[in-house]
Amino acid sequence: GQSLEQPSEVTAVEGAIVQINCTYQTSGFYGLSWYQQHDGGAPTFLSYNGLDGLEETGRFSSFLSRSDSYGYLLLQELQMKDSASYFCAVRPRNDYKLSFGAGTTVTVRA
Amino acid sequence: DTGVSQDPRHKITKRGQNVTFRCDPISEHNRLYWYRQTLGQGPEFLTYFQNEAQLEKSRLLSDRFSAERPKGSFSTLEIQRTEQGDSAMYLCASSPSTDTQYFGPGTRLTVL
């Protein structure tokens, strides 16, 4: 099975940098994805790591290390609109669905 | 393209009633998924369609739940004899043949 662990809450001020870690226990998967969900909204795709290393998309970056069973999402130059829940997810090999972590609630303060 | 749409957005029902939700995926996305999400948790997989074929069902999907995608386009999820434990957000997602899934706004079900 798949088990993804991420911190439940993170609080930071505007302009700061936040790193959300995701550790996982799974026998094999295609890649690690990150989704953002605002309160009452739908999850929206942020980033995908199919290979080890860093992927950068504007203020957001994501990293994967399969040998360490670890990944992270880096939020830079935090803005108030970044206050949301962030989920890591994997699609296991020979499977179609995504398995999600429980999510990290990021609160950005002025 | 307007993205994935779901109807209704909110549904309040009494215990024991049947409910049906609809999902319209992004056109030409052959993969369609249903997930359930409760407060403070990530989405949990319910079922998956590739075109009109239902290829996978979660053990979470009891025999009170049924899903269809009759023409390989829109899908419906029906819950029979609803229970209070069915109260949740029901999310639909679609994808082309990649790992990126595009979620709809969800249907929030409240069972009284």
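The values are calculated or read from the model by the stated rules, or taken from the named source; none is laboratory data. Quick caveat, the model's predicted, so the values are computed rather than measured. Every residue, glycine among them, receives a Cβ derived from its backbone with ideal geometry; neighbour counts consider all protein chains shown. The protein model used for the area step is the full one, side chains on, heavy atoms only, and it has no ligands, DNA or RNA in it. Shrake-Rupley method; radii C 1.70, N 1.55, O 1.52, S 1.80 Å.
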The strands (runs of 3 or more DSSP E) lying entirely within the range A:35-98 that contain at least 3 residues which are open to solvent by less than 70 Å² (accessible area, probe 1.4 Å) are A:44-49, A:60-65, A:70-75, A:84-92
So the check is Cβ under 7 Å with 6+ separation or different chains; which pairs have a first residue in the range A:71-96 that's modelled with pLDDT of 95 or more and a second one that's open to solvent by 30 Å² or more (accessible area, probe 1.4 Å) and of a type in the set (D, E, K, R)?
A:75/A:59; A:76/A:59; A:77/A:59; A:78/A:14; A:79/A:14; A:80/A:14
Residue under question is residue B:95, and the condition is that it be small (Gly, Ala, Ser), modelled with pLDDT under 95 and open to solvent by less than 20 Å² (accessible area, probe 1.4 Å); does it hold?
yes
Candidate set from the range B:31-42 (those that are facing chain A (nearest Cβ under 10 Å) and assigned to a loop (DSSP other than H, G, I, E, B)); member that is least open to solvent (accessible area, probe 1.4 Å):
B:42
Here is a check on your reading of the model: is residue B:13 over 21 Å from residue B:86 (Cβ atoms), more than 10 Å from the chain's Cα centre (by Cα) and more than 11 Å from chain A (Cβ to nearest Cβ)?
no
If the Cβ limit is 7 Å and pairs must be 6+ apart or interchain, which residue in the range B:43-63 that is away from chain A (no Cβ under 11 Å) pairs with which residue that is in a loop (DSSP other than H, G, I, E, B) and open to solvent by less than 70 Å² (accessible area, probe 1.4 Å)?
B:51/B:30; B:51/B:72; B:52/B:69; B:52/B:72
